[in-house]
Amino acid sequence: MSWSWDHFMQFLFSPYMLNGVWTTIWLSIVAMVIGCSLGVMLAFMKMSKTWALRQIANTYIWVWRGTPLLVQMVIIYTVLPKVGIKLGVVESAIIALSLHEAAYFAEIVRSGITSVNKGQEDASLALGMTWPQRMRYVIIPQATRVIIPPLGNQFNLMIKTTSLASVISMEELFRRTQQLAQLEFKVLEAYMCAACWYLLMTTVWGLIQQRLEAHYDRPFGPVADTDPKKKPDPVLTGQAAQV
């Protein structure tokens with residue numbers, strides 16, 4: 001099998017391939033947003049004091065984490081129409097990816113929230129904060145530092161996982177690569193192009209993730225200001241002296 005740089009460059013920047021790249025990007029973003037939203041809801045259900053809500057969340061997470069995404073996608077696309085639920089290729093791919101991601105993100109959120117020291121919640125209760133206030137001002141800001149790294153890794157994985165949608169004929173990057181390889185009989189060049197695009201997308205996201213982690217890892221509140229040249233706030237200083 002001879003290598004052709006001409007075909008490689010032709011595939012790499014062809015509108016057909018670029019359209020597949022764009023489909024992979026927006027499919028990853030949409031599935032991740034929906035999956036994270038459902039995951040937050042499942043996380044709070046799992047931590048609820050209501051037995052029924054905990055059981056629903058535990059069962060959902062058990063089923064969707066315990067079965068392969070490929071099987072879930074095929075079931076949604078081919079089996080549901082047999083019971084009267086007809087979905088298109090795009091809808092099936094988004095639903096399967098989102099529901100699968102929700103099960104994993106629920107555990108990420110739950111572990112992030114439970115990682116916050118119990119004393120923080122006790123202190124906020126002593127101050128008379130309501131549950132939404134405790135979550136917004138005390139728990140979530142601290143839990144975010146724990147949630148961001150695995151969340152970023154999940155999105156990195158999502159970019160590559162969208163390739164499974166090719167089995168239901170979703171026109172994403174991998175599907176279009178297969179079609180180019182079959183049409184031009186240049187299998188190696190086509191799949192190397194796909195590998196380059198996947199590598200580029202995950203590398204760009206890796207850089208974004210680093211910035212996000214650095215941002216949320218910074219101290220927040222008055223202690224965050226560590227500039228020695230800045231004069232201390234007289235109000236804060238007076239309060240500290242009174243304490």
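The values are calculated or read from the model by the stated rules, or taken from the named source; none is laboratory data. The shown structure was predicted, so the numbers you read here are calculated from the model rather than taken from an experiment. With ideal geometry, Cβ positions are generated from the backbone for all residues, glycine too; neighbour counts draw on all protein chains shown. Protein only, heavy atoms only, side chains kept; ligands, DNA and RNA dropped before computing areas. Shrake-Rupley method; radii C 1.70, N 1.55, O 1.52, S 1.80 Å.
Just a few scattered comments:
- The overall shape of region 90-176 is prolate: from the C-alpha gyration tensor, with semi-axes ordered a ≥ b ≥ c, the ratio a/c is 1.5 or greater and a/b exceeds b/c.
- The phi-based Karplus calculation (6.51 cos²θ - 1.76 cosθ + 1.60; θ = phi - 60°) puts the 3J(HN,Hα) values of region 162-170 at 4, 4, 5, 5, 5, 5, 10, 6, 5 Hz, whole numbers, x for Gly and Pro.
- As an equivalent ellipsoid, region 1-85 spans semi-axes of 40, 17, 12 angstrom, where each value is the square root of five times an eigenvalue of the C-alpha gyration tensor, largest first.
- FRET efficiency, residue 178 to residue 62 (Cβ-Cβ, R0 35 Å, nearest 0.05): 0.55
- Most mobile of 168, 29, 56 in a GNM of the chain (Cα contacts under 10 Å): 56
- Placing pseudo-labels 7 Å out from each Cα toward the beta carbon at residue 111 and residue 211 gives an inter-label distance of 2.7 nm.
- Per residue, in Å², the accessible surface of region 118-166 once ligands and nucleic acids are set aside, probe 1.4 Å: 53 Å²
- Table column - 3J(HN,Hα) (Hz), region 127-141, Karplus curve with 6.51, -1.76, 1.60, x for Gly and Pro: 7, x, 6, 7, 4, x, 5, 4, 5, 6, 9, 10, 6, 4, x
- Cα principal axis extents for the chain, largest first, Å: 79, 53, 23
- Point-to-point label distance, residue 120-residue 13, nm (Cα→Cβ direction, 7 Å offset): 4.9 nm
- Net dipole in debye of region 142-222 [+1 Lys, Arg Cβ; -1 Asp, Glu Cβ; about Cα centre; nearest 20]: 160 debye
- Placing unit charges on the Cβ atoms of the charged side chains and taking the dipole of the chain about its Cα centre, the candidate lying farthest along the positive direction among 170, 157, 196 is 157.
- Helix 173-184 vs. the chain, principal-axis angle (Cα, 0 to 90°, nearest 10): 20 degrees
- A Förster radius of 25 Å combined with the Cβ-Cβ distance from residue 153 to residue 188 puts the calculated FRET efficiency at roughly 0.25.
- Cut-off of 10 Å, at most 16 other beta carbons, DSSP loop: longest stretch of the chain lacking such trypsin sites (Lys or Arg not before Pro): 87-228
- Carbon/sulfur fraction of accessible area - region 30-183, other protein chains in place, 1.4 Å, %: 65 percent
- Selected from 178, 133, 142 as most flexible by GNM, with the chain as the system and alpha-carbon contacts under 10 Å: 133
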